[in-house]
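The next block holds one structure in the form of structure tokens; read it before the comments.
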Amino acid sequence: MGERFVSAIDAADLAPGGMKTVQLEGREIVVCNCEGRFLAVERRCGHMNAPLEMGTLVGTVLTCPMHCVQFDIATGEALAGPVPHDTGNEPAPPKLGGLLANIAMLMGHIQTRAIRTYATKVESGRVWIAL
Ligand code: FES
């Protein structure tokens, strides 16, 4: 079966630089307005599933709120890897330091995958997404 466009949001409801989550037929998708160009990607980060609409969008680069992996949402490709948790110049209390070291060790074993992108079109004032 070929792709089929489904109506998602009013184009006027999403300002440039904005992101909006929609649920379409059981899929979580983030619609992004990249300076007037609408792009859509799966909602879950390709690193550890964080909700990407809580991140930041600059141009077509979406930065995950959790460990700052950056994705090019035009292609879904991960441009930069995760950044471990950091307590800055303050030494972490021993228990917290141990926890952060353990998380950093585990993160070293996690691969970041590209995120899925969806084709979009704007028609009749609505953004449509191809499922
Ligand atoms: S969950 Fe997104 S960078 Fe880790």
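Ranking of 54, 66 by solvent-accessible surface, largest first: 54, 66 (1.4 Å probe, protein heavy atoms only, all chains present). Among 43, 27, 113, determine the one that fluctuates most according to a GNM of the chain built with springs between C-alpha atoms less than 10 Å apart. Maximum among the listed residues: 27.
Radius of gyration over Kirkwood radius for segment 1-55, both on Cα atoms: the Rg/Rh ratio is 0.98. When the surface is traced with a 1.4 Å probe over the full set of protein chains, residue 86 keeps roughly 130 Å² accessible. Peptides 124-131, 70-77 ranked from most to least packed, by the mean per-residue count of other Cβ atoms within 10 Å: 70-77, 124-131. Between the helical axis of 94-107 and the longest alpha-carbon principal axis of the chain there is an angle of about 50 degrees. Close amide H contacts of residue 56 (hydrogens built in the peptide plane, cut-off under 5 Å, sequence separation of 5 or more or a different chain): 63. Taking 0.36 nm per residue of separation and subtracting the Cα-Cα distance, full extension of the segment from residue 102 to residue 48 would add 17.9 nm.
Applying D = kT/(6 pi eta Rh) to the chain, where Rh is the Kirkwood radius over alpha-carbon pairs, T corresponds to 10 °C and eta to 1.306 mPa s, the Stokes-Einstein value obtained is 100 µm²/s.
With Cα atoms defining each centre, segment 1-37 and segment 56-81 are spaced 17 Å apart in the structure.
The values are calculated or read from the model by the stated rules, or taken from the named source; none is laboratory data. Values in this document were obtained by computation on a predicted structure and should not be read as measured data. Positions of Cβ are backbone-derived with ideal geometry, glycine not excepted, and every protein chain shown enters the neighbour counts. With ligands, DNA and RNA removed, areas are computed over all heavy atoms of the protein, side chains included. Shrake-Rupley method; radii C 1.70, N 1.55, O 1.52, S 1.80 Å.
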